[in-house]
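> Take a look at this one; I'll ask things after.
The values are calculated or read from the model by the stated rules, or taken from the named source; none is laboratory data. In this text, all values refer to a predicted model and were calculated from it rather than measured experimentally. Backbone-built Cβ (ideal geometry, glycine too); neighbour counts: all protein chains shown. Note: areas computed on protein heavy atoms with side chains; ligands, DNA, RNA excluded. Shrake-Rupley method; radii C 1.70, N 1.55, O 1.52, S 1.80 Å.
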Amino acid sequence: MKRALFPGSFDPITLGHINIIERGLELFDEIIIAIGVNSDKTAMWSLEERKKFIEEIFEGNSKIKVKTYTGLTVDFCTSEEAPFILRGLRNSLDFSYEKSIAQTNAMLTGVESIFIICAPEASHISSTIVRDIARNGGDFSKLVPKNVK
Ligand code: ADP
């Protein structure tokens, strides 16, 4: 059983995330969508709301699990018996940021990171942009799944 962790803040989940998860399902038997609890960051949507959005989207899909975690992502990988981390790459900034984290994780723990290049139609989507639009009362419906709208 090939199991991967897809970690993130998912504040909120976007069509960009969904694209990576759907393509990741071609590679892995099970994907744990792991919502990281970061006490330094104030989220716009509560942890419960973020989890509920994702559970609704993948309801009935036995290959997807949704969990929350605190602490190091690699430690959560160990406790969940997931030797892979799935991440999406939008651009060279994502790559530079992810590269050293992935190399350190592999060196220290053996957890392997697998990257999927985002679909061209989703490369402009980020949770940060969705939050900016939401904060200013705009329409972000084209960037997120139906239930987040
Ligand atoms: P984090 O704060 O850890 O970056 P996010 O929730 O913003 O968490 O993102 C989780 C993962 O989804 C990351 O690997 C990120 O690069 C990826 N991701 C976010 N938006 C997109 C997108 N539009 N296309 C592809 N991957 C994306």
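> Which one of these does residue 122 not meet: (1) open to solvent by less than 20 Å² (accessible area, probe 1.4 Å); (2) within 19 Å of residue 27 (Cα to Cα)?
Result: residue 122 fails condition (2) only.
> Go through the stretch 125-147 and give me each residue that's hydroxyl-bearing (Ser, Thr, Tyr) and open to solvent by less than 30 Å² (accessible area, probe 1.4 Å). Spell out how you get there, then give the answer.
Within the stretch 125-147, the subset hydroxyl-bearing (Ser, Thr, Tyr) is 126-128, 141.
Passing the criteria: 126, 127.
> Mind listing whichever residues of the stretch 96-122 are farther than 14 Å from residue 16 by Cα and near the ligand (Cβ under 9 Å from one of its atoms)? Give the derivation first.
Residues of the stretch 96-122 farther than 14 Å from residue 16 by Cα: 96-114.
97, 98 - these are the residues of the stretch 96-122 that are farther than 14 Å from residue 16 by Cα and near the ligand (Cβ under 9 Å from one of its atoms).
> Filter the stretch 7-62 down to the residues that are acidic (Asp, Glu) and more than 10 Å from the chain's Cα centre (by Cα) and list them by number.
Scanning the stretch 7-62 gives 22, 26, 29, 30, 40, 48, 49, 55, 56, 59.
> Tally time: how many residues in the stretch 1-17 are outside any loop (DSSP other than H, G, I, E, B) and either open to solvent by 50 Å² or more (accessible area, probe 1.4 Å) or near the ligand (Cβ under 9 Å from one of its atoms) (or both)? Show your work before the answer.
So in the stretch 1-17, the residues outside any loop (DSSP other than H, G, I, E, B) come out as 3-8, 15-17.
Okay, now just the ones that are also either open to solvent by 50 Å² or more (accessible area, probe 1.4 Å) or near the ligand (Cβ under 9 Å from one of its atoms) (or both), so 6-8, 15-17.
Residues that pass the stated criteria total 6.
> Go through 55, 22, 48 for me and flag whichever is charged (D, E, K, R) and within 14 Å of the ligand (Cβ to nearest atom). If you could, list the steps in order and put the result at the bottom.
On the way: 55 fails: within 14 Å of the ligand (Cβ to nearest atom); 48 fails: within 14 Å of the ligand (Cβ to nearest atom).
Answer to the check: 22.
> Still on this structure, I have one more. Does the stretch 61-69 include one or more residues that are away from the ligand (no atom under 11 Å from the Cβ), in a strand (DSSP E or B) and within 20 Å of residue 118 (Cα to Cα)? Working first, answer last.
Start the filter on the stretch 61-69 by keeping residues that are away from the ligand (no atom under 11 Å from the Cβ), which leaves 61-69.
Then drop every residue that is not in a strand (DSSP E or B), which leaves 64-69.
Checking which are within 20 Å of residue 118 (Cα to Cα) leaves us with 64.
So far as the stretch 61-69 goes, yes, one or more of its residues are away from the ligand (no atom under 11 Å from the Cβ), in a strand (DSSP E or B) and within 20 Å of residue 118 (Cα to Cα).
> If you go through the stretch 70-78 one residue at a time, do you hit one that is more than 9 Å from the ligand (Cβ to nearest atom), more than 24 Å from residue 144 (Cβ to Cβ), in a loop (DSSP other than H, G, I, E, B) and open to solvent by less than 80 Å² (accessible area, probe 1.4 Å)?
Quick first cut of the stretch 70-78, residues more than 9 Å from the ligand (Cβ to nearest atom) only: 70-72, 74-78.
From the residues that got through so far, the ones that are more than 24 Å from residue 144 (Cβ to Cβ) too are 70-72, 74-78.
Within this subset, residues satisfying the condition of being in a loop (DSSP other than H, G, I, E, B) are 70-72.
Next cut, open to solvent by less than 80 Å² (accessible area, probe 1.4 Å) only: 71.
Checking the stretch 70-78: at least one residue is more than 9 Å from the ligand (Cβ to nearest atom), more than 24 Å from residue 144 (Cβ to Cβ), in a loop (DSSP other than H, G, I, E, B) and open to solvent by less than 80 Å² (accessible area, probe 1.4 Å).
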